[in-house]
Every structure is written in C-alpha cells, then in structure tokens.
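Chemist: Structure provided below as structure tokens; questions to follow.
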Amino acid sequence: MIRGPSARAFLPNRAFCSQFYTSDNYNPKFKDDIRKKNQIRSDREYTFCIIGSGPAGFYTAKSLLKSENGSIKVDILDSSPHPYGLVRNGVAPDHQSMKKIQYDYDEVFKNKNCQFYGNVTVGEDIQILDLLRNYSGVILAYGAGAERDIGIEGEHHLTSATDIINWYNGKLDYFQEFQDSINFDMKDLRDISVIGNGNVATDLARIFLKTKEELKDSDMPSPVMDILKEPEINSVSLVARRGIYQSAFTTKEVRELSKLPQIKMYLFKEELEKSRNEASLLEATPGSSIYARAINRRTTFLEKTCIHLENNDHYEEVLNDSSHKKLFLRYFMSPSKVLDQNSIEFNITELEGEAEKQRCVVKSPEERVTLKSDLWLKSVGYKTIPMPGVPYDADTFTVPNEMGCVLSDNGEIIKGLYVCGWAKRGPVGIIDATLRDSFETYRVIKNHIDQDLLDSRIDSTKKTLYNLEKSFVTYRDWAKVMYYEDERGKKIGKPREKYLWTEDYENIIGKAL
Amino acid sequence: MLNLFGRRLCSKAAAVPLLMPRFRMNNMTLYRHNFMLNNLAMRSMCSKADPETVKITFLNLRDNSEKVVDAKIGEHLLEIAHSNEIDLEGACEASLACSTCHIILPDEIYDDLEYPCDEEDDLLDLAYGLTLTSRLGCQVFVTKDMDGMTVKIPEASRNFYVDGHVPKPH
Ligand SMILES: Cc1cc2nc3c(=O)[nH]c(=O)nc-3n(C[C@H](O)[C@H](O)[C@H](O)COP(=O)(O)OP(=O)(O)OC[C@H]3O[C@@H](n4cnc5c(N)ncnc54)[C@H](O)[C@@H]3O)c2cc1C
Ligand code: FES
C-alpha cells in the first residue's frame, strides 16, 4: 500500500525525548561535556550503506566519517559507474565553480573507511532488505530521478529538459540515444521556449544563448558542443503559470544571464502590472517571511534590468531584431493543450489566495492563446522513483520520513533506514539545502548510535556486495577514468573531456561492466 | 567608522599614513585597494617573521563548540576555518557560487565592513538561517580590527533543536 505519512508521525512525542544537547540548555560550564556528547562516542563498530553518491549521500558520509574513534565505515553505492550524482549530470557544464565540489567529494572517497561501489543499482542488482539485514543502517540518498508530468493533452510532443541536460552533460551511453529520440533538427532551431521558470530553465536558456566561445571553459562534451552550437539561437522564452513575484529561479541565475554581452531580457508590461497584487507585494515586504528578502531583491532586479514590452507588436518587433539575443520572461500562462510539436495552447491565469499561499487559477477557460516555438522544452520538476521494498508517498513523490527516519506504511519508524536529499524533501533546493537536510539525517543517526539503537556490523560488504554477479566500480577505478578525462581535457583547454560510453570505462579500468 | 585597515598599522608604518585615505568611501575598489596597501605595509614591516595574526573565536552553533584560533591578517574566514579544522563547508572553494560558507559576524564588525557585492547578496538570499549580520566566510578578509571577535557558524538544519526531539524506532 502506498500512503502518506500520518500527521501523528510529525508531532513531537515527549516519550522519545532524547539526550541531545541543545543551544537552549547550553551552559558554558558544561561546554566540554556537551562537546563530547555531541560527537559519536560509541566504541562499537558500525558499517553504513549509503545509496546514491550525489550531494546528499556525500554529505551524510562526510559527517559519519568524522566520528572520533574511526568506528564507522561507510559504503556508498551508485547505479552509475561514476560518483557525484547531479553534480556531474545535472549542474550545468558552464558552472565549473559549482562542479568544484567534486574535489571535496574526492577527499571523502580517499578516506580508508569509505568505499565507493559504482554500477550497482539497488532494487535491481541488490535488494534493500539484504542491505538492511547486513548493515548497521541504510541511508537512501538516491535523489529524484524521474521528471514530472504536466498532465495535458499532447504532452508527448514536448522535449524533456532532463533529456537535453543529460545529453549536454554527457550522461553515459546517452549521446546516440538522444540523437535518435528527438523529433527536431538541432540546426534548424532559432526560437526556443521552456515551460517552467526554475533554475533548470535558466540553465537551459544560458546554455542555448551562450556562444561557443563563451562555453569554451565548460566541460560540455565536444561532440555535443558541435551539434548544440550549430544553430544561431535568436531567443529563449521561459513561460510560467504564476506572476513575477512567484518566479522559481534565483536572482543569481538571472543576474548571470543579464551579464552576457549579447543578451537583453524582456518582460511584458501587462504581466508585470498584473503581478503586483496586494498579496504578492506583501510576499516581497522584507521581514514578512524568510523568503521576502530574496523575493524583493529578485523582483527589483527584474524590474530594473528587463526591458518592458508594451504590447504584442512591440514583442514582434523585438523578436525580429537581429542585433541581439533575447530572453523573454512570460507569466500567467498555464499550458492546456499541445497542438503539435511547435504550438501550445495556454490558458490565462490569475492569482488567488493569501500571501505565500497564492495559487493560480483559470477564471475564463475560453480565453486562450497559442504560442509557437521551434522547440518546446518541459521543465516542471522532478520526482523520486519508488524503490522496491521502500515506502513511498505518491502524493509528494518522496520517501515518507520524520527528520530523515523512514516511516513504514503505518507511520512507524523503520529501524536503521534513513533518507536524505531530494528523496527526502522533494526535488527542490540548491546543494546547500541538500547539505543541511543531510546534516539533520546524520544527527538522527548519531543519536541512534549514541543510544545504542543500531546493530554493530563489520562484515556487511562481504555479505552483500561481494556476492554480486556483476562487477562494480571502485573509487580507484573511477580515479583512473577521471585521470584520463582530465588529460583529454587539458589538451584542448577544457576542465575535462568526458567519456560517453561504458565501453571507454571498461577499457580504462579493465573489467566488463 | 571604516578605518578597517588598522589604525595601529598606520601609526607604526610611517610611509603608509600618507597613502591611506582618512575618510570613508563606499566602494569595493577602495576596500581592495586599502587591503593591498595593508598587505604591502605588513610585508615591509615584518619581512621575515610570520604574517601578523589576530585571535578569532569560532562558535559553531551546531554543537556549541568553540575554538580560538590565530587568524592571519589578509586571509578570508573560510581559509582560516579550514586551516584550523573548523567545520565550515566551502563547497565551491571560495568562488562565490554556493553559500555553504555562511557565517554570522558580530554587529560592530559587520557594520565596519563594506557592503557585500550583489553576487554575495544573491547567495545570502539562499543561505539557511540568514541574519542581519550574515556574510559568506570566503568573502570576509581578516583585519586587525577583528582581534577578539567571535564568528558564529549557523545552525545547520531546521527545527532539530526546537524541542530536543529525536525520533527513534519502537
Ligand atoms: C539540472 C540541475 C541543475 C542544478 N544546478 C545546481 C547548481 O548549479 N547549484 C546548486 O547548488 N544546485 C543545483 N542543482 C540542485 C542539486 O543538484 C541538488 O540539490 C542535489 O543534487 C540533490 O542531491 P541528491 O544527492 O539528493 O540527489 P542526486 O544528486 O540526484 O544523487 C542521487 C544519486 O543516486 C543514484 N541512484 C539513483 N537511483 C539509484 C539506485 N536505485 N541505486 C543506486 N543508486 C541510485 C544516482 O545515480 C545519483 O548518483 C541542480 C539540479 C538540477 C536537476
Ligand atoms: S565557498 Fe562557495 S560561496 Fe563561499
């Protein structure tokens, strides 16, 4: 049965009150005492299994490995032969400063108490119950690997943002599959539109709008670059259902776009005015909520930086002006039907409800506009894929949990099973947010260790992974691949030149995968 | 009052005061410029000895641990934290892309610093548990005036501490 966590499960239960020392009961006199108690102090030996080597898995591993007496071992499993999760396959290839986080991960993988086992898919190659039986604890950090649907007629005509992102990030064995699956010719593209206006949508806009020269420091695979940069992109539109105040991208991302020399950003004056309802203004009033500052800064930035379009004629005029590239930010449009590959019918929406809870509603369904574009991309978010044997909340597409402890179908905490990252709180938030919720999960685990609630285990790996029929990729193996990728990159002045085929990995590490 | 770059320094190094502006200017260039002067003066003053240091306390609000460290003038707070094994993340290695190095400064030190640049502010928007004196550790450089200050590393996550409740299996 699939069900959501019970409300009861979220209520603090006094009976569970722990020995955790907090800032409230902090007293300088007991400082040392507190410090000791907040570090893992058990002298028993534990082995943990982390499923997923993205930011969530990595930060949980990092915290666990900091235990004072080295009594904790961590095995990190990943279905893909390389580590890093979305840092490698999601974060845009021109965001190299963000990708630097990999070096931090490498330090953790070099810890002798940490082992990486790539090419192992939990649920297929090995079952969660096997892991639970043999490890002190299992931590689900497997992210949100599927894309959400909009749920409209003709949706299959749309190209998924994830497909493009996987392709331009050189996802293994995907290059040809992508080329074969798309229903458009890259070189014919001029105007591109994205449904959705989160940071993923701005990534797409930036990658399409930047010139080849501007992408030369990225690690976009060269074969991809050749195809992607063939067309001369004229404009990208990001189309959203709500108003400007509710934009999902962050100021950082639009500021970056606005700084590209050949790009101008546009807003429709009418949509801007419509955005300024009372509730939205309140949402942007500093102090009204923890988000207000960010909303306020972002809106002010957009108002100042974007050129305001008077009407449709003005828009057409700009669209046909070949002197520069354009980014159009569109609001209050909810897709209702995909007419064909190039045209989508939209309903005009309005905001309803009080500040921070505003929803968009379609008041007059007969009022429709059809927008055309050479390519329509869908970027409306992700969802966690259910894992066999693991509870799943089909409403929120996450693993039901309380502070990272996985809850069974009847709302009870499953001993030794934890969750963190996007699988825990849903596919929102930057890496910093993932770091913080992984830390919450870690603290619960630590507390469980301190209270001797978990089983001591030492030969977990032997009993599970060593019995696998398939070969796995260790960190040493991966380091070889990484070395050659870096070397290939150096020759052409790039951070790395990724290998696109499993076969390449096999040749380098000398085993069949 | 700005005078960030060491009143004490001015009185020691005779050549420097002439170059040091005595009025407050609100711009980043001056900040960096002053900063270079400061380093220059430093190098000429203590050519062979270690660079000058001040005492800074890091108070980690995650576990209330405190550590007093010798902080080299001119290094940024993330560097200082790392060379002293203090738990402050720096995911993007100080390239102003991540906000994991969020720290909280004492009021008077914050007030004396130049405003953060737009890019830093954009990241602070996203920082967890933002306060009025929040900054990014990789963007704040140690000055003499920071001697004796306490830098707070904010709580890492949500309501964990609110009621001291930790869920546990039956
Ligand atoms: C396109 C895109 C761009 C982004 N850009 C940025 C950015 O610039 N800056 C930023 O701060 N944040 C960015 N983010 C957000 C950031 O990537 C997430 O916060 C973070 O990656 C979530 O971490 P995670 O570990 O939960 O998931 P993931 O990073 O997805 O890691 C999950 C891992 O689990 C593995 N896995 C999945 N299923 C299984 C299985 N059955 N068995 C074994 N392993 C499995 C996967 O292979 C993967 O390695 C971006 C996200 C996306 C989608
Ligand atoms: S380390 Fe990334 S912003 Fe400071």
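Read-outs: derived from the displayed coordinates by stated rules, not from any lab. Here the structure is a predicted model, which is why all the values come from computation and not from measurement. Glycine gets a Cβ as well: all are built from the backbone with ideal geometry, and neighbour counts include every protein chain shown.
Chemist: Ignoring GluC sites (Glu not before Pro) that are buried or in helix or strand per DSSP, and keeping those with at most 16 other beta carbon atoms within 10 Å, what is the longest stretch of chain A between them?
Modeler: In chain A, the maximal stretch lacking such sites is A:125-231.
Chemist: Which FRET efficiency value, to the nearest 0.05, is calculated for residue A:211 and residue A:301 with the Förster distance at 25 angstrom and r the Cβ-Cβ distance?
Modeler: The formula returns an efficiency of 0.55 here.
Chemist: How well do other chains shield peptide B:85-97, expressed as the mean number of their Cβ atoms within 10 Å of each residue Cβ?
Modeler: 5
Chemist: What whole-number volume per residue, in cubic angstrom, does the convex hull of the C-alpha atoms of the stretch A:287-333 give?
Modeler: Hull volume over Cα atoms, normalised by residue count, gives 108 Å³.
Chemist: Output needed: percent of Cα pairs per 10 Å distance bin for the stretch A:205-260, bins running from 0 to the one holding the longest distance.
Modeler: P(r) for the stretch A:205-260, in whole percents per bin: 19, 45, 27, 9.
Chemist: Something else: Remind me, what semi-axes does chain A give for its equivalent ellipsoid, largest first in whole Å, using sqrt of 5 times each Cα gyration tensor eigenvalue?
Modeler: 41, 30, 21
Chemist: Relative to the longest principal axis of the C-alpha atoms of chain A, give the angle of the C-alpha long axis of helix A:292-305, reported between 0 and 90° and rounded to the nearest 10°.
Modeler: Value to nearest ten degrees: 30.
Chemist: Sequence gap of 8 or more, or different chains, plus Cα separation below 19 Å: how many lysine pairs satisfy both in the stretch A:219-324?
Modeler: Counting lysine pairs in the stretch A:219-324 gives 6.
Chemist: Further question: Based on the alpha-carbon set only, what is the convex hull volume of the stretch A:259-380 divided per residue, in Å³?
Modeler: Roughly 135 Å³ of hull volume per residue.
Chemist: Pairs to check: A:99/A:171; A:110/A:511; A:99/A:494; A:112/A:446; A:171/A:325; A:216/A:494. Give those whose C-alpha atoms are more than 18 Å from each other in this structure.
Modeler: A:110/A:511; A:112/A:446; A:171/A:325
Chemist: Mind listing the Cα extents of the stretch A:99-258 along all three principal axes, in Å, largest one first?
Modeler: 56, 39, 38
Chemist: Mind giving me the FRET efficiency for residue A:362 and residue A:270? R0 is 22 Å, r the Cβ-Cβ distance, nearest 0.05 is fine.
Modeler: Using R0 = 22 Å, I get an efficiency of 0.80.
Chemist: If you don't mind, there's one more thing I want to ask. Relative to the longest principal Cα axis of chain A, at what angle does helix A:199-209 sit, 0 to 90 degrees, rounded to 10?
Modeler: That works out to roughly 50 degrees.
Chemist: Further question: Specify the angular offset, from 0 to 90 degrees and rounded to the nearest 10, of the alpha carbon long axis of helix A:55-65 from the longest principal axis of the alpha carbons in chain A.
Modeler: 20 degrees
Chemist: Okay, next question. Could you work out, for the stretch A:173-217, what percent of all Cα-Cα pairs fall into each 5 Å distance bin, beginning at 0 Å and stopping at the bin that holds the largest distance?
Modeler: 5, 16, 18, 23, 29, 9
Chemist: Now, a different point. What is the sum of charges, Lys and Arg at +1 and Asp and Glu at -1, for the other residues whose Cβ falls under 13 Å from the Cβ of residue A:348?
Modeler: Residues near residue A:348 contribute 0 overall.
Chemist: When N is the residue count of the stretch A:48-101, what does its C-alpha Rg come to as a fraction of 2.2 N^0.38 Å?
Modeler: The stretch A:48-101 yields a ratio of 1.27.
Chemist: Relative to the present Cα-Cα distance, how much length would full extension add between residue A:125 and residue A:97 at 0.36 nm per residue of separation?
Modeler: Computed gain between residue A:125 and residue A:97 is 6.6 nm.
Chemist: Report, ordered by chain and residue number, the lysines lying within cross-link reach of residue A:383, taken as a straight Cα distance under 16 Å and ignoring same-chain residues fewer than 8 apart.
Modeler: Cross-link targets: A:424.
Chemist: So, one more: Would you report the distance distribution of C-alpha pairs in the stretch A:323-403 as whole percents per 5 angstrom bin, up to the bin with the largest distance?
Modeler: 3, 11, 13, 14, 15, 15, 13, 9, 5, 1, 0, 0
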